[in-house]
Every structure is written in C-alpha cells, then in structure tokens.
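Novice: Dropping the structure in here first, questions after.
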Amino acid sequence: MAHYKNHILVCGGTGCRASQGEEIVENLKQAVADNSLENDIQVVRTGCFGFCEKGPIVKMIPDNTFYVSVTPEDAGEIISEHCVKGRKVERMLFTDPETKEHVSDSKDMGFYKKQIRIALRNCGFINPENIDEYVARDGYGALGKVLTEMTPEEAIKIIKDSGLRGRGGGGFPTGLKWEITNQVENDEKYVVCNADEGDPGAFMDRSILEGDPHSVLEAMAICGYCIGGSNGLIYIRAEYPLAIDRLKIAIEQARELGVLGKDIFGTGFDFDVELRYGAGAFVCGEETSLIHSMEGLRGEPTVKPPFPSVSGYKGKPTNVNNVETFANIPVIINEGAEYFASIGTEKSKGTKVFALAGKINNVGLIEVPMGITLREVIFDIGGGIKDGKKFKSVQTGGPSGGCLTEKHLDIPIDYDNLLACGSMMGSGGMIVMDEDDCMVSVAKFYLDFTVEESCGKCAPCRVGNKRLYEILDKITQGKATEEDLGILRNLGNVIKDTSLCGLGQTSPNPVLSTMDNFKDEYMAHVKDGKCPAGQCKDLMEYVISEETCVGCTLCSRVCPVDAIAGDKKQPHVIDTVACIKCGACMDKCKFNAISIQ
Amino acid sequence: MAKVKTLDDLKKMRADLQSKITLRENSDRPEKMVQIKVSMATCGIASGAKETMNYLIEELDNRAIDAVVTQTGCMGYCHSEPTIEVHLPGNDPVVYGNVDVKKAGEVITKHIVGGELLDGIIPTNYTTPDEDNQK
C-alpha cells in the first residue's frame, strides 16, 4: 500500500462544489501527477468543513494548513509551493478580521475554537464515498459492540442515560422513544430516518449525509436491533441529489461489507436500508405526514395518538428519528453515556449543529456544546455582523421559531431556555439580522412560507395563517390600525392552540415573538406610517436633497420609469407617484444626495 | 470486498486500515506527538533530505511510533544539510545537522526512543512565532 506523506483534503460539500470544488480536486490530482508525486500525496474529497463563508476549503495534512477561497487555478501553486518547496501560500490563508494576521492552522481560528464535533466528527475528515475510511475511524464498531455484547434493553439504557434528545426540533428523549417502540409487540417494525430538512437556511442534515453517510446507516441498524425491527427507511427530499448519491454508494458498500443485510456479524440480526424520496413539502418533516407520504398517500398529518411508535408505516410500529440524532448514536455507544452527558446543560446534553446564515461574517455549519450563549455563537464563532453593522435580532428554529434580541444574547442555548423566551431549538437554523432588517417584513416572510407549505387539512392553519399574512401585509403598507394588532395576537394564539400538527402549532411564533420583542417597530408602522428600517416600500419615499445635488443627470438616466426630472447642473426632483422605489438612483448617486424618508 | 462475518473480522480490518488515516488523526493533535521537521529547500534536497524524510516516515511507521513528519523550508544551516528538527512532546525542539539515513536511524533509536541527545546538534538561538504562541 502506498504510504502517503501528505493528504490534501478538499471540501466536497454542495456549497464548495458550487464554487468549482470538483475542478480543484481534478487540478490538484493533475498537479500531483505533473510533479510525479502520486506516491507521496493523496488528494481526498471530504464532506463539509463548515466554514462555507470562505469556501472552497483545502486542508493540508499533516501540517494542518487551512487554505480558504481556493480556485481551480491555485492548484498548481499549492503543489509546487506547499508540497514541493515546503512554503505556505500566504495569500490563500485565512486572515483574522480583527488582528489582520494570517492564521494557518484551523485550530487557531475563532470559528473552530469553541466547537466540539460529535455529529460532524467525520465531516471534512474522511472520504464519504469510501467505507474503508469510516471503518478506520472505528466505524461500525458501535454496531458490533451492541450486537455482540448487549441486549436491546442494555443499549437503550445507554441512550437514555446519555440524555440525547431529538435533534429535529421537538427535543423528545431519544432513548425513551426507542424504549416505547421496543415494548410494542409486533412481528414487523420500522426504523425511519427523517432527512426532510425543510427550514429555510438549514443544511445540517444534508451536510451530515453528504459528509458521513455511514454514521447514519450504522445508527439506524443499532436502532433496529434495539426496537426489534429489520427494515430501515430514509425519507430524503429529492432536491438533495448529492446526499442521495452518497447514501446510495454508502448503502451499497455497507451491504458488500456485510454490515447491512442478513446475519450481521454472525449474530443472526438482519437489517437493511432503503431510500424514499420526498417532493420537498415542509409538512412532511412532521412524522405522521412523513409516514403517509412514504406510503404513497398525501403528505398530511393525522391526530396523535396513536403515535408512530405504536402504529406507523403500514400500521406497524415505527421509530422516526432525525439525521443529526442518529449521527450522535455511534459516539454515545463507543464513548459511553457519561461522556455524552458530561457535555451540555442539565436538561439538554451533548452538542447541537447550527447553520449560521444571514448578516453574519462567518456563514457556515458549526457544532457547539449545549449551553453556549448566542453571543458566543454570533460574535466569537460567527465573527459578528457583516459590514460592521449593529446586531438587531437572531431567528432560531426556522418558520416555527421566533426572533430573539440583544437581551437574549447571554442566555445559555438549550431546548428549554429557547422555548422560555418564545423561540425554539428547531432543527438548528440560525438567521442573523442587522439594523437594516424590518421585523414586520421578516414575520411576513415566514408567514408567506407557512401559508405556502400548509397542507390545508385543518382550518386554523389553512385559513388562519392566510389571515395573519393579510394583516401583516396591511401593516407593511401602512394601512393597519391598532385594532389589527390585537386581532393579530389573538388569532396567532388561537392558531397555536387549535392546529392539528406542529406546523400550525408553531407557525405564528415569528409573528408573536416579533410583536413581543419589537413592539415599537410595529407601532411605528401602524401609528406613524413609517418603517424604521427603511424596508417597507410602501412606507418610504426617495428624496433628492436640493443642496447636495449637483445636477449630474446620472440618476435620471438610470431611472427605469423616467420618474426623475431636472436640467443639467440643476437640482433634480423625483416624481413620488411614478417612482417604483427600486433604489437604482440611490446606488448610482456619487454625491449621496438621495435619501429615504 | 470480503464480507466481515464477525466483530473480530471488523476489528482486524480496522487495524489494517488504521494507517490510512493516522496521518490525519495525528495532525489534529500534533502537540502530543513526536514532531519532526525536515528542511527541504534546494540545498537540503540536493544533500539528500528526501531520502532522509522517506526513511524517517517508513521507519517510524514500522516501529509504530506516533509521529508527524513535515517538510519545511530552509532553516539556514546550509553548511550542515540535511537538517531536521526533532520536537518531543514537553521538550524543547532540537536541530540535528548532516542527517543521512544512518544518522536518522540513530535519532530514532537513541533520541526519540531512548531519550538521549546525540552528537551533531546545531544550537539554535531563535524561537519561531509558533513556539512563542505556545508559551
């Protein structure tokens, strides 16, 4: 076997691939061949490193040099400078935004310092399309341990003791779920992996499946042994083609190796996994809808009980867990419940993966211990707000979550604390907003999403959310009254209390939490007809300052509707009736003469 | 691919595959490993640094010593190439000059395994920014 002196890890996640990651891999291999270093250097396509902001990422092993924003053209230089001459290519190193110094080792970057990687342990470390590398990282060892050394009850006890809770949003204790399914008598039971990641801006499940698919397969087999089922199904949305490809390869390799299939490890235990594709409906993340969708029915929820643990897929007991939940299982078995329970807060153990998005410097995927504060996540790991703007709010939990503000920044993040301040953990989306974002518009954006995604089965969700949206729309047009605000709150609470499933029970959260935390902003829209953030087009006017305008005519030339008039070298004027508020004139003006009022 | 029929099969397979990724695992925690830097500038390569480096990597692997061998640029001791810097966990780094394959073997047996210093040490009178950070 060739003994490589250097490994070059190239991110093969969807984000970095979109920035020509594949070409980088090809060019690196070519450059290695050009320098006759095939026996010394191995180029590996891995899963996501998480630092998507500066992708594509290339990491050099063994000296741990972390190159960012690499282009295919850089490949030759990396090989000739770094590998042949032993010099780091300074211009591709990450520059610390505060000290302005180059940081070569990722361990020294603020982004990675506070992270603990359990679910993402193999992402950006192994080649997800090679089962050998997973096995070398003790892969399928946890399955072997459970099958040969433990009874299902003993294994379930470890999961219960670890304190692991569902990572898909609900936070139900995983061990308890397994125990309930285990106790139901039936000749056939199903293990389902929920990979229907639907929150806008969330991509943690996709990244795990793309970067470490075997960890999910292994955990599903462990779950199958624990509940007494031999069928695994992964419900994945068809819009994740790369994750589907890698899962297919992983399932094929696992069958070939004999860790999926009949008589695994000679213990007589059978388990196999199949894929089921979803069409990307948000409601199908809810477990009863998901099961109906897999059965070929409409993706609509049904009343619980009966819970899927008792009567799920094809009426058989079914255990549904989320991708990230499964990815934690092998580590808990291998390292023990105490290890996992030593991380986190009293009621929320372990780590959580968050997808940072919005107006934040380091957009990307992070895994942090429960109990870390929002401030640490946004400012230490996330690198603060873009362009030096002021932090305004952070939206957690996607369309089901709420918007938190400055005063919540120092609360330790866990399931219960987030619920207590009117938001939720959700699947781990985290969207950061700055002073330029209008909170009414943000609430309207999420409502637009839930109105679209409501399955229409129950009236509170189908009709109620639509009415909420209409009131919000009125507010952003400056046509609402204070009475409307009362209706908005009342209706929101009714929808929460009376909807059939999780979608409707949580959809008013963005509205209610912004009303609580940004009351002034709602009042400004309603009472003064103003949008303080300058986002609501109906409430603003573009005005040219008579003093500052020099009459260069640039604005009148870019105006798409000819709403700006004025003679050369004379102050120009905007016809506010004709103006469509596109902002093109303001972008073009070199004298800052145009403002929003 | 042969099927694994028992857990022992898997463990054996893992032991065989381990070395494929030890390099990556070790580079994650270099402070706990033996770190060796081989000076690989033009002068070093001309004097045989490549052979020295290959030998170090293979021999350390044969002896199952957890070590990270990296190449570095010119250390400035062109009179004594090939030069290597040996950094045992918890000790100050030591630079050896004129390290051919034979000398490299001695460094492994006597310095890294035995913990005794050899002749041929080049005294250093500088620290690198990395070392400053660790202090």
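The values are calculated or read from the model by the stated rules, or taken from the named source; none is laboratory data. Note that the coordinates shown come from a computational prediction; the quantities given were computed from them, not determined experimentally. Neighbour counts are summed over all protein chains in view; Cβ atoms, including those assigned to glycine, are modelled from backbone coordinates with ideal geometry.
Novice: Does A:I57 satisfy being touching a residue at least 60 places away in the same chain (Cβ under 8 Å) and either of a type outside the set (A, V, I, L, M) or under 15 Å from A:S80 (Cα atoms) (or both)?
Specialist: Values: touching a residue at least 60 places away in the same chain (Cβ under 8 Å): yes; either of a type outside the set (A, V, I, L, M) or under 15 Å from A:S80 (Cα atoms) (or both): no.
It is false that A:I57 is touching a residue at least 60 places away in the same chain (Cβ under 8 Å) and either of a type outside the set (A, V, I, L, M) or under 15 Å from A:S80 (Cα atoms) (or both).
Novice: Now a separate question. Looking at (1) outside any helix (DSSP H, G or I); (2) within 18 Å of the chain's Cα centre (by Cα); (3) without any contact (Cβ under 8 Å) to a residue 60 or more places away in the chain, find the lone condition where A:C16 falls short.
Specialist: (1)
Novice: Just name the residue that is surrounded by the most Cβ atoms within 10 Å (Cβ to Cβ) out of those in the stretch A:425-472 that are assigned to a helix (DSSP H, G or I) and of a type in the set (D, E).
Specialist: Step one: of the stretch A:425-472, the residues assigned to a helix (DSSP H, G or I) are A:439-453, A:459-472.
After this cut, where a residue has to be of a type in the set (D, E) as well, the list is A:448, A:452-453, A:470.
Working: A:D448: 15, A:E452: 11, A:E453: 19, A:E470: 13.
Checking each candidate, the answer is A:E453.
Novice: Something else now. Over 20 Å from B:E51 (Cα atoms), within 14 Å of chain B (Cβ to nearest Cβ) and not in a loop (DSSP other than H, G, I, E, B): does that describe A:L28?
Specialist: On the way: over 20 Å from B:E51 (Cα atoms): yes; within 14 Å of chain B (Cβ to nearest Cβ): no; not in a loop (DSSP other than H, G, I, E, B): yes.
So A:L28 does not fit the description; no.
Novice: Got a sec? Which strands (runs of 3 or more DSSP E) wholly within the stretch B:1-103 have at least 3 residues that are under 30 Å from A:Q253 (Cα atoms) and more than 10 Å from every other protein chain (Cβ to nearest Cβ)? Walk me through how you get there before you give the answer.
Specialist: Numbers: elements: B:34-39, B:67-72, B:84-87, B:94-96.
Filter on the stretch B:1-103 gives an empty set.
Novice: Determine whether A:I180 is away from chain B (no Cβ under 14 Å), at pLDDT 95 or above and surrounded by 19 or more Cβ atoms within 10 Å (Cβ to Cβ).
Specialist: Working: away from chain B (no Cβ under 14 Å): yes; at pLDDT 95 or above: yes; surrounded by 19 or more Cβ atoms within 10 Å (Cβ to Cβ): no.
It is false that A:I180 is away from chain B (no Cβ under 14 Å), at pLDDT 95 or above and surrounded by 19 or more Cβ atoms within 10 Å (Cβ to Cβ).
Novice: Find the residue count for the stretch A:303-321, including only residues that are in a strand (DSSP E or B) and not β-branched (V, I, T). Spell out how you get there, then give the answer.
Specialist: Initial filter on the stretch A:303-321 (in a strand (DSSP E or B)): A:318-321.
Filter once more, so that each one left must be not β-branched (V, I, T): A:319, A:321.
Residues flagged as in a strand (DSSP E or B) and not β-branched (V, I, T) within the stretch A:303-321 amount to 2.
Novice: Filter the stretch A:250-279 for residues that are assigned to a strand (DSSP E or B) and within 10 Å of chain B (Cβ to nearest Cβ); which is farthest from A:V135 (Cα to Cα)? It would help to see each step written out before you state the result.
Specialist: Applying the first criterion (assigned to a strand (DSSP E or B)) to the stretch A:250-279 yields A:261-264, A:269-278.
Pick out the ones that are also within 10 Å of chain B (Cβ to nearest Cβ) and you get A:261, A:263-264.
Working: A:G261: 17, A:D263: 19, A:I264: 15 Å.
So the residue we want is A:D263.
Novice: Something else about it: Test of understanding: among A:E300, A:E324, which residue is at negative phi and outside any loop (DSSP other than H, G, I, E, B)?
Specialist: Details: A:E300 fails: outside any loop (DSSP other than H, G, I, E, B).
Result of the check over A:E300, A:E324: A:E324.
Novice: Can you tell me how many residues within the stretch A:31-57 are out of contact with any Gly (no Cβ under 6 Å at 6 or more places or on another chain) and either within 14 Å of another protein chain (Cβ to nearest Cβ) or part of a loop (DSSP other than H, G, I, E, B) (or both)?
Specialist: Within the stretch A:31-57, the first condition is being out of contact with any Gly (no Cβ under 6 Å at 6 or more places or on another chain), and the residues that meet it are A:32-44, A:54, A:57.
Next cut, either within 14 Å of another protein chain (Cβ to nearest Cβ) or part of a loop (DSSP other than H, G, I, E, B) (or both) only: A:35-44, A:57.
Selection size over the stretch A:31-57: 11.
Every residue, every condition in (1) touching an Asp or Glu at 6+ places or on another chain (Cβ under 9 Å); (2) among the hydrophobic types (A, V, I, L, M, F, W, C); (3) closer than 25 Å to A:R137 by Cβ, yes or no:
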residue	(1), (2), (3)
A:Y190	no, no, no
A:R206	yes, no, yes
A:I222	no, yes, yes
A:E256	no, no, yes
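Novice: Please go through (1) on the phi > 0 side of the Ramachandran plot; (2) crowded, with 20+ Cβ neighbours inside 10 Å for A:C536 and return the number of the only condition it doesn't satisfy.
Specialist: Of the numbered conditions (1) on the phi > 0 side of the Ramachandran plot; (2) crowded, with 20+ Cβ neighbours inside 10 Å, the odd one out for A:C536 is (1).
Novice: Let me ask something else about it. Filter the stretch A:59-72 for residues that are of a type outside the set (S, T, N, Q) and more than 14 Å from every other protein chain (Cβ to nearest Cβ) and give the result. Working first, answer last.
Specialist: Just the residues of the stretch A:59-72 that are of a type outside the set (S, T, N, Q), to begin with: A:59-63, A:66-68, A:70, A:72.
Once the filter is applied, which keeps residues that are of a type outside the set (S, T, N, Q) and more than 14 Å from every other protein chain (Cβ to nearest Cβ), the stretch A:59-72 yields A:Y67, A:V68, A:V70, A:P72.
Novice: Of everything in the stretch A:70-87, what is in a loop (DSSP other than H, G, I, E, B) and either in contact with a Phe, Trp or Tyr (Cβ under 6 Å, 6 or more places away or on another chain) or without any contact (Cβ under 8 Å) to a residue 24 or more places away in the chain (or both)? Give them in sequence order. Even if it seems obvious, please write down each step before you answer.
Specialist: First, pick out the residues of the stretch A:70-87 that are in a loop (DSSP other than H, G, I, E, B): A:70-71, A:86-87.
A:G86, A:R87, listed by residue number.
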